[in-house]
Amino acid sequence: MRNIAILLFLLAVGTAVPICAQNVWTLDQCLQYAAEHNIQVQKSRISEQEAEQSLLQAKAALFPSLSASMSQTVGYRPFQEATVMVQNGMATSTNNKVTENGSYGLNANWTVWDGGINRKTVEAQQLQTRIAETTTAQSLNSIQEQIAQLYVQVLYTIEAQRVNEQLAETARQQLSRAQERYNVGDLSKADVAQLESQLAQAEYDVVNSETQVASYKRQLKELLQLNINELFDIAEAELDDAVALNPVPNKADIYEAALLTRPEIQAAQLQADAANLQLDIARRGYYPSVGINAGVGDSHYSASYDSYGTQLKQNLNASIGLSVSVPIFDNRRNKTNVEKAKLQQTTAALDIQDKQVALGSTIENLWLQATSAQQRFIAARTAVQSQETNYELINEQFRSGLKNIVDLLQARDALLQAQQNKLQSKYTTILNVQLLHFYEGGQISL
């Protein structure tokens with residue numbers, strides 16, 4: 001039982017470790033972490049909250065407002081002469097140079113009818129809240145696409161680095177063999193120098209690949225908003241060549257699905273709805289408005305002979321009023337608002353078309369890249385097999401003295417180019433197929 005308890009504790013500790021505490025990240029973990037911690041996405045979520053607060057304020061405007069006021073004023077008349085006040089048949093002399101006056105009020109206002117503008121404003125703000133949500137979704141989609149592109153780029157560069165390492169090892173063996181032949185007088189110094197140059201170039205390619213891998217990882221780390229002191233590496237997924245041979249989805253089907261799910265299209269449609277609503281609001285500016293106001297007030301004055309309580313009793317007043325405002329001549333304000341709203345309505349309709357065309361172009365471009373890259377990959381697989389056989393044959397002939405150094409270097413360059421073409425077309429196909437599924441509404445996964 002004690003061992004079981006220890007095991008359960010260790011498992012609990014292990015599962016409690018946050019994603020950011022690890023060093024090796026999968027693509028899914030990168031996407032999940034970015035959704036919560038990317039600064040741009042967090043800013044978009046703050047904009048959502050601001051829109052929600054504006055919506056609450058618009059709803060509150062439907063109800064009456066209530067305010068209280070109080071003022072205390074002290075007056076001073078240094079040269080005031082004494083006055084005689086007669087009260088109840090008695091003469092009293094007074095000289096109040098300092099007086100104090102207080103007033104108190106409670107006021108309420110309610111817009112009963114303003115042409116329905118206040119209720120339409122609530123609807124407009126609800127649309128703005130939904131638009132803010134789609135903006136967050138757009139930011140998240142953009143970050144996820146960038147992460148996927150960088151992640152696949154890292155995988156491609158790592159595999160290219162392995163190819164360069166293999167070629168560097170082969171060049172190292174060739175140079176060793178060439179030095180042996182040079183020592184027995186079977187090879188010239190110039191040939192050995194060319195093989196030394198080949199090895200140096202191969203080692204340079206390895207270092208360059210390592211630098212590229214580190215650069216792409218740094219960019220990926222930046223998208224995840226990780227601290228400079230945090231260790232970061234990716235899980236090197238083994239992507240079989242068969243993955244690049246999966247069927248490329250139909251671009252027309254993807255476009256139809258994307259029109260229903262992509263946030264940029266939804267945002268454009270919501271903006272069009274908002275423009276229609278703003279036109280309705282602008283037209284309601286021609287309608288009359290009705291308001292109710294009520295108030296309760298009181299005051300006192302220190303120079304009065306009445307007591308404080310008597311004054312408050314006698315000065316207490318209440319009022320209620322009804323106001324009607326009919327726009328007759330408003331210096332073209334309402335007409336201008338209507339015309340501008342019509343222009344915004346037209347702009348919103350054009351924006352929908354623009355977003356649809358852009359979306360179609362993006363999907364078609366991804367489809368073309370995926371299709372052409374897949375065809376190049378099929379051809380590159382055959383080319384690699386052919387160049388590997390040719391390089392092995394020439395290498396053996398070189399060892400036997402049947403081929404010179406020029407033939408060997410040409411075969412090596414041809415093999416390297418074929419392998420690079422295969423890797424590039426393979427990962428280009430995988431990335432673009434995944435992005436096509438993403439635009440269709442699916443998730444990016446490797």
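The values are calculated or read from the model by the stated rules, or taken from the named source; none is laboratory data. This structure is a prediction, so every number in the text was calculated from the model and none was measured. Counting neighbours? That spans all protein chains shown, and the Cβs are built from the backbone with ideal geometry, glycine included. When the accessible area is computed, the model is the full protein with side chains, heavy atoms only, and any ligands, DNA or RNA have been set aside. Shrake-Rupley method; radii C 1.70, N 1.55, O 1.52, S 1.80 Å.
Structural remarks
- Scanning region 165-192 for residues that are within 24 Å of A414 (Cβ to Cβ), over 50 Å from the mean Cα position of the chain (by Cα) and open to solvent by 50 Å² or more (accessible area, probe 1.4 Å) gives Q173, S176, R177, S188, A190.
- Region 218-236: number of residues that are touching a residue at least 12 places away in the same chain (Cβ under 8 Å) and open to solvent by 40 Å² or more (accessible area, probe 1.4 Å): 6
- Subset of region 222-232 (residues that are outside any loop (DSSP other than H, G, I, E, B) and touching a helix residue (DSSP H, G or I) at 6+ places or on another chain (Cβ under 7 Å)): L223
- 1 or more residues modelled with pLDDT of 95 or more: qualifying strands (runs of 3 or more DSSP E) within region 9-127: 65-76, 98-113
- A search for C-beta distances below 6 Å between a residue of region 425-446 that is charged (D, E, K, R) and any residue that is open to solvent by 10 Å² or more (accessible area, probe 1.4 Å), counting only pairs 6+ apart in sequence or on different chains, returns E440/A257.
- In this entry, E180 passes the filter for residues that are assigned to a helix (DSSP H, G or I) and without any contact (Cβ under 8 Å) to a residue 40 or more places away in the chain.
- Count of residues meeting criterion [among the charged types (D, E, K, R), in contact (Cβ under 8 Å) with a residue 24 or more places away in the chain and within 27 Å of S67 (Cβ to Cβ)] in region 274-313: 2
- All conditions but one from (1) touching a helix residue (DSSP H, G or I) at 6+ places or on another chain (Cβ under 8 Å); (2) touching a residue at least 12 places away in the same chain (Cβ under 8 Å) apply to Q29; the one that does not is (2).
- Residue satisfying all of: in region 375-420; under 46 Å from the mean Cα position of the chain (by Cα) and of a type in the set (G, A, S); most open to solvent (accessible area, probe 1.4 Å) among these: A379
- Selection within region 272-330 - in a helix (DSSP H, G or I), charged (D, E, K, R) and within 30 Å of R77 (Cα to Cα): K313
- Every test in (1) in a helix (DSSP H, G or I); (2) surrounded by fewer than 18 Cβ atoms within 10 Å (Cβ to Cβ); (3) at pLDDT 95 or above is passed by A132 save one, and that test is (2).
- Of the residues in region 353-373, at least one is in contact (Cβ under 8 Å) with a residue 40 or more places away in the chain and basic (K, R).
- From the options A214, A160, residue that is within 27 Å of F377 (Cβ to Cβ), small (G, A, S) and surrounded by fewer than 14 Cβ atoms within 10 Å (Cβ to Cβ): A214
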